[in-house]
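The values are calculated or read from the model by the stated rules, or taken from the named source; none is laboratory data. Bear in mind the structure is a predicted one, so any value in this text is a computation, not a measurement. For neighbour counting, all protein chains shown are included, and Cβ atoms are generated from backbone atoms with ideal geometry for every residue, glycine included. We work out accessible area using only protein heavy atoms, side chains counted, and drop any ligands, DNA or RNA first. Shrake-Rupley method; radii C 1.70, N 1.55, O 1.52, S 1.80 Å.
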Amino acid sequence: MSGSANVGVHVDHARDEDPAKMAEFEAKINAGELLEPDDWMPQAYRQGMLKMAEHHANSEIIGALPEGEWITRAPSLRRKLALTAKVQDEVGHGQMLYRVSQDLGKSRDQMLRDLITGRTKYHNVFNYPAPTWGDIAMIQWLIDGAAIMNQKTLADGAYGPYVRTMKRINMEEAFHFKSGEDMVLTLMSGTKMQRQMGQEAFDRWWYPALMFFGPPDKPHAEQLPPMRWRMKTVTNDNLRRRFINRFAPAAIDLGLKIHVVKKDDNGMVIERKPDENLRLDETTGNWSFTQPDWDEFYRVIRGNGPCNAKRLALRRFSYEQGRWVRHAILRGNAGLPPAA
Amino acid sequence: MSNVREQSHPSNGDLTSPAEGDLKPYVVFTQLNRGDPHMYAGCVDAADQQMALQFAREHYGQDQKCVNIWVVPKEAVTATNYDTDLIWRHTDQTYRLARGYSKPVKDKWRKLRRAEDLKEYEKDDLKETF
Ligand SMILES: [Fe+2]
Ligand SMILES: [Fe+2]
């Protein structure tokens with residue numbers, strides 16, 4: 001899982017930039033050309049791309065934490081192998097995206113430090129708990145599914161290194177998503193207890209998945225720099241609609257009920273009722289639904305979600321515990337083990 | 001025949017001038033379109049990076065569309081060994097590939113969903129990876 005959709009890219013465009021260069025830059029983008037790190041680009045574009053790639057990198061490595069906890073408790077050897085490989089993929093995505101960010105001008109160590117100290121953010125969705133194996137299944141189906149939808153559109157962007165990285169990442173996301181589908185299908189075709197576990201996990205993850213695409217669009221989102229400069233190519237609300245049109249009917253056919261929920265401070269559901277707004281509009285082909293609680297979204301972004309402190313504490317712990325390894329590598333005396 | 005060639009006599013034995021040594025090999029990577037990955041194209045011998053670039057343009061940049069070239073001293077490339085380094089393990093790794101799941105997933109969906117709904121849903125799959 002991963003994604004960068006809800007990073008707020010506020011770019012102050014065209015300020016103090018050479019109008020001729022700016023025109024050439026925008027012409028390139030409109031012609032569908034890819035930009036490379038050494039090409040001229042407005043300062044705001046470079047900063048915006050850095051913010052986006054860094055946020056995405058942070059999300060990949062934090063996203064690996066809740067799932068990593070479940071490796072030792074996977075229900076079969078095959079699931080354990082798959083989850084190990086998935087977590088390894090996510091950390092790898094983080095590595096690739098930190099590389100892209102470094103080329104945009106920020107040191108990797110600074111990025112890791114800023115993440116731990118809260119100066120930069122990661123995706124909101126990873127601040128929710130995964131208390132059962134059902135959550136692992138739902139995360140891989142819904143959140144990796146949402147990530148693919150989002151990242152497919154990011155792969156149509158204009159910044160070459162980011163676009164190439166998205167394509168590479170999406171190949172692996174396809175595995176995450178398919179294995180998630182397999183787990184969800186297994187749970188929902190299983191015993192009453194398994195189906196209940198699936199439903200409860202679904203109740204915890206449906207709304208975080210809808211929030212995954214970020215807050216409702218600002219007016220004229222297409223004309224604002226993130227889309228005009230093809231840092232993003234589809235608006236948040238359009239992505240969310242695509243997601244619901246795909247996943248709501250699938251969930252219903254799986255035997256899941258779509259609930260509007262109320263959660264406690266630990267992210268556990270304390271109240272739920274069927275989403276009364278959920279229906280297919282036959283004329284438009286779109287599903288209508290109850291909007292996520294956007295106050296909750298901003299509360300969690302500000303650091304007050306169920307798992308914010310826990311995730312960052314683990315990241316800090318591993319950064320500090322790994323210090324001697326990094327030092328040994330930097331000093332050049334950490335020889336690699338001989339190949340097996 | 002020119003005078004010069006008439007005056008050059010066939011001779012045997014060692015050359016009188018000392019051996020000169022070779023130019024250095026450079027590996028060449030070409031990019032066919034902006035935004036594409038650079039691909040290994042071959043090698044050139046050159047005295048320095050600028051000369052290597054010039055030769056690479058001549059050898060690899062003319063016979064097909066090419067928008068960018070990288071040259072790297074061959075000695076800077078570290079590679080694995082075919083015989084001793086196993087990269088792709090030979091055991092079953094389908095658990096970490098999307099296609100390892102496509103059939104069981106399809107079979108399970110079929111029991112739950114109408115064919116046309118499934119088809120609609122699968123439209124958003126990343127086809128190239130399954
Ligand atoms: Fe993923
Ligand atoms: Fe990922």
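Data overview
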{"read-out": "Test for A:MET183: is it in contact with a helix residue (DSSP H, G or I) (Cβ under 8 Å, 6 or more places away or on another chain), assigned to a helix (DSSP H, G or I), at pLDDT 95 or above and away from ligand 1 (no atom under 16 Å from the Cβ)", "value": "no"}
{"read-out": "Per-region count, the stretch A:287-335, residues of a type in the set (S, T, N, Q), in a helix (DSSP H, G or I) and open to solvent by less than 40 Å² (accessible area, probe 1.4 Å)", "value": "1"}
{"read-out": "Checklist (1) away from ligand 2 (no atom under 15 Å from the Cβ); (2) surrounded by fewer than 22 Cβ atoms within 10 Å (Cβ to Cβ); (3) within 14 Å of chain B (Cβ to nearest Cβ) applied to A:ARG119, failing item", "value": "(3)"}
{"read-out": "Residue match in the stretch A:108-116 (condition: aliphatic (A, V, I, L, M), more than 16 Å from ligand 2 (Cβ to nearest atom), open to solvent by 10 Å² or more (accessible area, probe 1.4 Å) and farther than 26 Å from A:PRO306 by Cα)", "value": "no"}
{"read-out": "Breaking point among (1) within 16 Å of ligand 2 (Cβ to nearest atom); (2) acidic (Asp, Glu); (3) surrounded by fewer than 21 Cβ atoms within 10 Å (Cβ to Cβ), for A:ASP144", "value": "(3)"}
{"read-out": "Entirely in the stretch A:54-151, the helices (runs of 4 or more DSSP H) that have 2 or more residues that are within 14 Å of ligand 1 (Cβ to nearest atom)", "value": "A:77-103, A:133-138"}
{"read-out": "Identity of the residue in the stretch B:64-95, among the hydroxyl-bearing types (Ser, Thr, Tyr) and within 30 Å of B:GLY35 (Cβ to Cβ), that ends up least open to solvent (accessible area, probe 1.4 Å)", "value": "B:THR80"}
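Rundown of residues vs (1) modelled with pLDDT of 95 or more; (2) more than 14 Å from chain A (Cβ to nearest Cβ); (3) farther than 30 Å from A:LEU256 by Cβ; (4) within 18 Å of the chain's Cα centre (by Cα), yes/no style:
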{"position": "B:VAL28", "(1), (2), (3), (4)": "yes, yes, yes, yes"}
{"position": "B:LEU32", "(1), (2), (3), (4)": "no, no, yes, yes"}
{"position": "B:ASP124", "(1), (2), (3), (4)": "no, no, no, no"}
{"position": "B:LYS127", "(1), (2), (3), (4)": "no, no, no, no"}
